[in-house]
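A.B. asks: I'd like to ask you about the structure that follows.
The values are calculated or read from the model by the stated rules, or taken from the named source; none is laboratory data. In this text the structure is predicted, and so the values were computed from the model without any measurement. Neighbour counts run over all protein chains shown; Cβ positions are idealised from the backbone, glycine included.
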Amino acid sequence: MYDIVIKGGRVIDPAQNIDDTLDVAINGDKIAAVNKDISPQEGQQLVDAKGKIVTPGLIDMHVHVFDGIMKIAIEPDVAGVKHAGTTVVDGGSSGHTTFAAFPKHILPTARTKVFCFLHLCSLGLIPEPELKDWDEVDLDAMAATIEANKNIIKGVKLRLVGKLVTSAGIEVVKTAKKIAGQFGLPIMIHIGDTDKQVPATLTPECLSVMESGDILAHVYTGNQGSVLRPDGTIVPELKAAVERGVILDPATGRNNFSFNVARRCLAQGILPTVIGTDLNHRCLKDRTFSLPVNMSKFMALGLDLKQVIAMTTVNTACAIHEEDKIGSLKPGMAADVSILELKSGAWTLIDSPGETMKTDKLLMPVTAIKGGKVIPAEPVALPPSAS
Ligand SMILES: [Zn+2]
């Protein structure tokens, strides 16, 4: 007997190279079996997935869920289970002076699993732009916060924007590397400066010091600090960084995602490693919507379904070093499952500069199964229909 049997879906689990019509059985908070023809009588609860896609629980590499504290943050469950995802990674909303609110107030009420990147700026992203000067950096205090929250904090965040980065440049990046390196953690670097203050040369300089496992957020930004040279070719430092194992995240969001840059990068072999949404209040009902919508954007740009599922399951699990627990439906892994539907129709997708792209396929969130609990999706908004 199983607690839950998910029947008849197209199971896509890139970690195991599975793409087949299969049933998934869950016991407690663990995957028990993935087989053909598990009898419906064997499940206390039956989830009919016929015509649907069943994947390991989707993991969003970049969201802002410092809800109630950061102005633009949303609830973790809006970024996660309400759009059929099961895990989200907060992209540095908090710094060491504010981080405690995560374990005290936010994590206990979320059904979605939340991991965090700790911002180099003491206050995180509460002042925007952050990091006016070195007074906003305190490595000893950061070390204490990371040490006390190793199960939640997955790395150190820095945005290449603002006064301190403009004046001190690569020294700030090296400072972030130093504190992250002390704990064997990666850095997550935001590129794209809408204020046009930070010299564009800092992006290649920064890529040169990034190591395997470090994360480049907003790889397809069209703003100052983009990875493209004026002639449309990628900076050579990017190629070298990818070869070293630097992780590329489009972190699509509101301000730093250009279809044009994405097309040029994809044509030069620069694919996302993971897909984060940078989901926050400003783009939830406009442009970004949800992780499944952003997976659909990359399908519209030419990637296939299996690729975008790998980029939101096993690849992301590896990026946060949780691949022994999540990101696959291997028996014994967490009972985190996403059920999606690939709908046909006509929708308009919009990027940050306002370019539109039509798509005839959209991944819709249907259900999240998180820790063995079945949670129907409640999408907040969808892209507009194309006429
Ligand atoms: Zn962000």
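A.B. asks: Return the pair list, or none, for Cβ contacts closer than 9 Å from residues in the stretch 146-168 that are without any contact (Cβ under 8 Å) to a residue 12 or more places away in the chain and under 21 Å from Ile191 (Cα atoms) to residues that are of a type in the set (Asp, Glu) and within 16 Å of the ligand (Cβ to nearest atom), at least 6 apart or on different chains.
C.D. replies: none
A.B. asks: Moving on. Hey, any hits in the stretch 250-264 for a residue that's of a type in the set (A, V, I, L, M) and over 25 Å from Glu171 (Cβ atoms)?
C.D. replies: yes
A.B. asks: If I ask for residues that are in a loop (DSSP other than H, G, I, E, B) and under 15 Å from the mean Cα position of the chain (by Cα), which ones from the stretch 267-279 would you list?
C.D. replies: Correct list: Leu271, Pro272, Thr273, Val274, Ile275, Gly276, Thr277, Asp278.
A.B. asks: Then there is this: For the stretch 277-310, what are the residues that are more than 16 Å from the ligand (Cβ to nearest atom), polar (S, T, N, Q) and buried (at least 24 other Cβ atoms within 10 Å of the Cβ)?
C.D. replies: Answer for the stretch 277-310, where residues must be more than 16 Å from the ligand (Cβ to nearest atom), polar (S, T, N, Q) and buried (at least 24 other Cβ atoms within 10 Å of the Cβ): just Ser296.
A.B. asks: Find all pairs meeting these conditions: Cβ atoms under 6 angstrom apart; at least six residues apart or on different chains; first residue within the stretch 47-65 and farther than 15 Å from Ser338 by Cβ and in the same structural domain as Ile6 (by TED's automatic domain parsing); second residue of a type in the set (Lys, Arg) and away from the ligand (no atom under 16 Å from the Cβ).
C.D. replies: Asp48/Lys7
A.B. asks: Does the stretch 227-240 contain any residue that is within 27 Å of Asp133 (Cβ to Cβ) and modelled with pLDDT of 95 or more?
C.D. replies: Taking every residue of the stretch 227-240 in turn, none turns out to be within 27 Å of Asp133 (Cβ to Cβ) and modelled with pLDDT of 95 or more.
A.B. asks: Any idea how many residues of the stretch 223-236 are assigned to a loop (DSSP other than H, G, I, E, B) and away from the ligand (no atom under 16 Å from the Cβ)?
C.D. replies: The total comes to 8.
A.B. asks: Pick from the stretch 79-101 the residues that are among the β-branched types (Val, Ile, Thr) and surrounded by fewer than 24 Cβ atoms within 10 Å (Cβ to Cβ): which of them is nearest to Asp13 (Cα to Cα)? Full working, then the answer.
C.D. replies: Taking the stretch 79-101 as the starting set, the residues that turn out to be among the β-branched types (Val, Ile, Thr) are 81, 86-89, 97-98.
Checking which are surrounded by fewer than 24 Cβ atoms within 10 Å (Cβ to Cβ) leaves us with 97-98.
Details: Thr97: 39, Thr98: 37 Å.
The extreme case among them is Thr98.
A.B. asks: Let me ask you something else. Looking at the stretch 129-142, which of its residues are crowded, with 24+ Cβ neighbours inside 10 Å and part of a loop (DSSP other than H, G, I, E, B)? Write out each step before concluding.
C.D. replies: As a first pass, look at the stretch 129-142 and keep what is crowded, with 24+ Cβ neighbours inside 10 Å: 130-131, 142.
Correct list: Glu130, Leu131.
A.B. asks: Please find, within the stretch 243-270, the residue that is farthest from Phe298 (Cα to Cα) out of those that are more than 11 Å from the ligand (Cβ to nearest atom) and among the β-branched types (Val, Ile, Thr).
C.D. replies: Going through the qualifying residues, I end up with Val246.
A.B. asks: Kindly list the number of the only condition in (1) within 16 Å of the ligand (Cβ to nearest atom); (2) surrounded by 22 or more Cβ atoms within 10 Å (Cβ to Cβ); (3) over 18 Å from Ala251 (Cβ atoms) that fails for Val165.
C.D. replies: Unmet condition: (3).
A.B. asks: Next up: In the stretch 81-128, what count of residues is obtained for those that are of a type in the set (A, V, I, L, M, F, W, C), assigned to a loop (DSSP other than H, G, I, E, B) and either more than 18 Å from the chain's Cα centre (by Cα) or within 16 Å of the ligand (Cβ to nearest atom) (or both)?
C.D. replies: 7
A.B. asks: Now for a separate question. Taking the conditions exactly as written (outside the structural domain of Asp29 (by TED's automatic domain parsing), more than 23 Å from the chain's Cα centre (by Cα) and either within 16 Å of the ligand (Cβ to nearest atom) or at pLDDT 95 or above (or both)), does Asp135 satisfy them or not?
C.D. replies: When the stated conditions are applied, Asp135 passes them.
A.B. asks: Right, next: For residues that are of a type outside the set (Val, Ile, Thr), over 12 Å from Asn280 (Cα atoms) and surrounded by fewer than 24 Cβ atoms within 10 Å (Cβ to Cβ), scanning just the stretch 50-76, find the one that is nearest to the ligand (Cβ to nearest atom).
C.D. replies: Gly68
A.B. asks: Can you run down the residue pairs with Cβ atoms below 8 Å, 6 or more apart or on separate chains, where the first is in the stretch 237-251 and over 7 Å from Leu207 (Cβ atoms) and part of a loop (DSSP other than H, G, I, E, B) and the partner is of a type in the set (Phe, Trp, Tyr) and away from the ligand (no atom under 16 Å from the Cβ)?
C.D. replies: Listed by first residue and then by second, the contacts come to Pro250/Phe298.
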